[in-house]
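Here's the structure we're looking at; comments come further down.
The values are calculated or read from the model by the stated rules, or taken from the named source; none is laboratory data. In this text, all values refer to a predicted model and were calculated from it rather than measured experimentally. Cβ atoms come from the backbone with ideal geometry, glycine included; neighbour counts cover every protein chain shown. Remember, those area values only see protein heavy atoms, side chains included, never the ligands or the DNA or RNA. Shrake-Rupley method; radii C 1.70, N 1.55, O 1.52, S 1.80 Å.
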Amino acid sequence: MEALAPEEFLKQLSDHREAFWEKMTAERKSYGAEKPLTPQIILRRLQFGVVMERKAGEVSAPWVAHLPELELQHCLSEYVANELKHASILRKRITELNGDPDALWRHPLEELKQLWDFHASLGSFCELFASVQYGHEEFFPRTSKSFIERVEPIDPQTAAIYRDTLLADEAGHEWLAPEILKRYASDAKTQARCLEALQTGCELFGRAIQSFNRTLAG
Ligand SMILES: [Fe+2]
Ligand SMILES: [Fe+2]
């Protein structure tokens, strides 16, 4: 099997990701994931965010030492610092709202645990970048946009945290995953593994979101 050219390879990955997004969006609509927010739902959503941000930092950190170039090592460590900073900002907001910042961190939903165990088990930084940063992390700005719109009238401070810090930092590190994948996922075997990692990552992410939304409905 021949390796794809870098741009073709990235397109293959993003095509699969976008197909998954379409499917997930249709399912989200079918079980009413976008229903009106209550203070309790906002708290749960922030607690979910703590797990996602902290885990993104934790699974990425070990790969800093494996990147061959200093410049990219520096950027990845900034990424890790940003995600951990987001987790601590969310924890602070939960405390201000009199919630338990680590409720979901201490007792993660089974599907959420499976998602991050999978990311932690990957054998190369290319697979990790395909499954997390080029995979479901790309959905974050989209789902946040609808959350910000709905949370703004009830809790403008939480809306501001998402808009001015979390999403602003996200925009600053979006280039990193395509850059790393273009440079290092250059042989057919690595490319195939990356595609597989992205598909499994999206699948597990979808299940985690669904399981989370079920806890809100109950
Ligand atoms: Fe983040
Ligand atoms: Fe991020």
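Can you name the helices of the chain, as whole DSSP H runs, whose Cα span along the helix axis is 15 Å or more and whose Kyte-Doolittle mean is not below 0.0? All intermediate terms of the calculation are to be shown ahead of the outcome.
Details: long enough: 6-30 (36 Å, -1.38); 39-60 (32 Å, 0.05); 70-96 (39 Å, -0.35); 110-121 (16 Å, -0.88); 140-151 (16 Å, -0.50); 188-217 (44 Å, -0.09).
Span-like helices, by this rule, are 39-60.
Excluding residues on the same chain fewer than 8 positions from K182, give the aspartates and glutamates whose Cα lies under 15 Å from its Cα.
Excluding near neighbours in sequence, the set is E7, E8, E69, E127, E174.
Just want the answer: with Cβ charges of +1 for Lys and Arg and -1 for Asp and Glu, which residue in A188, S14, F118 is farthest toward the dipole's positive end in the chain?
Selected residue: F118.
Could you list, in their original order, any pairs among K29/K113; K11/K85; K85/K189 whose Cα atoms are separated by more than 28 Å? Before the final figure, lay out the partial values.
Details: K29/K113 24 Å; K11/K85 31 Å; K85/K189 35 Å.
Violating the 28 Å limit, Cα to Cα: K11/K85; K85/K189.
For D169 and D102, what does the FRET efficiency come to when R0 = 22 Å and r is the distance between their Cβ atoms, rounded to the nearest 0.05? Don't skip to the end; give the middle numbers.
Working: r = 22 Å, r/R0 = 0.99.
Once rounded, the FRET efficiency stands at 0.50.
Helix-only mean residue ellipticity at 222 nm, the chain, DSSP H runs n ≥ 4 weighted -39,500 (n - 2.57), per residue, nearest 500. What is it?
Using -39500 (n - 2.57) per qualifying helix, the result is -24000 deg cm²/dmol.
For the chain, what is the accessible area per residue in Å² when the probe is 1.4 Å? Numbers along the way, then the final one.
Details: 10390 Å² over 218 residues.
Here the per-residue accessible area is 48 Å².
Could you pull out every one of the aspartates and glutamates with an alpha carbon less than 13 Å from that of K92, ignoring same-chain neighbours closer than 8 positions?
D100, D102
Would you list, by chain and number, the aspartates and glutamates whose Cα falls below 16 Å from the Cα of K145, excluding same-chain residues fewer than 8 positions away?
Partners within reach: E34, E137, D155, D164, D169, E170.
Under unit Cβ charges (Lys, Arg +1; Asp, Glu -1), what dipole magnitude, rounded to 20 debye, does the stretch 100-185 have relative to its Cα centre? List each step's numbers first, then the result.
Numbers: 8 positive and 16 negative charges, 45 e Å.
Charge dipole of the stretch 100-185: 220 debye, to the nearest 20.
Output ³J(HN,Hα) for the stretch 153-167: one whole-Hz value per residue in order, computed from phi by the Karplus curve 6.51 cos²θ - 1.76 cosθ + 1.60 with θ = phi - 60°, and x for Gly and Pro.
x, 8, 8, x, 5, 5, 4, 5, 4, 5, 6, 8, 10, 4, 6
Pairs of Cα atoms under 8 Å, at least six residues apart: use those to get the relative contact order of the stretch 1-122, whole percent.
28
Dipole size in debye (nearest 20) for the stretch 50-110 around its Cα centre, Lys and Arg Cβ +1, Asp and Glu Cβ -1?
240
Could you work out the relative contact order of the stretch 85-218, using alpha carbon pairs under 8 angstrom and six or more residues apart, expressed as a whole percent?
On the way: 95 pairs, mean separation 54.1, N = 134.
For the stretch 85-218, the relative contact order is 40 percent.
Rounded to whole Å, give me the distance from the Cα center of the stretch 185-209 to that of the stretch 107-158.
A separation of 15 Å, based on Cα centres.
Could you state how much accessible area D100 has, in square angstrom rounded to the nearest 10, with a 1.4 Å probe and all protein chains kept in place?
The value for D100 is about 60 Å².
Please get the size of the charge dipole for the stretch 65-149, origin at its Cα centre, with Cβ charges of +1 on Lys and Arg and -1 on Asp and Glu, quoted in debye to the nearest 20.
Numbers: 8 positive and 14 negative charges, 67 e Å.
It works out to roughly 320 debye.
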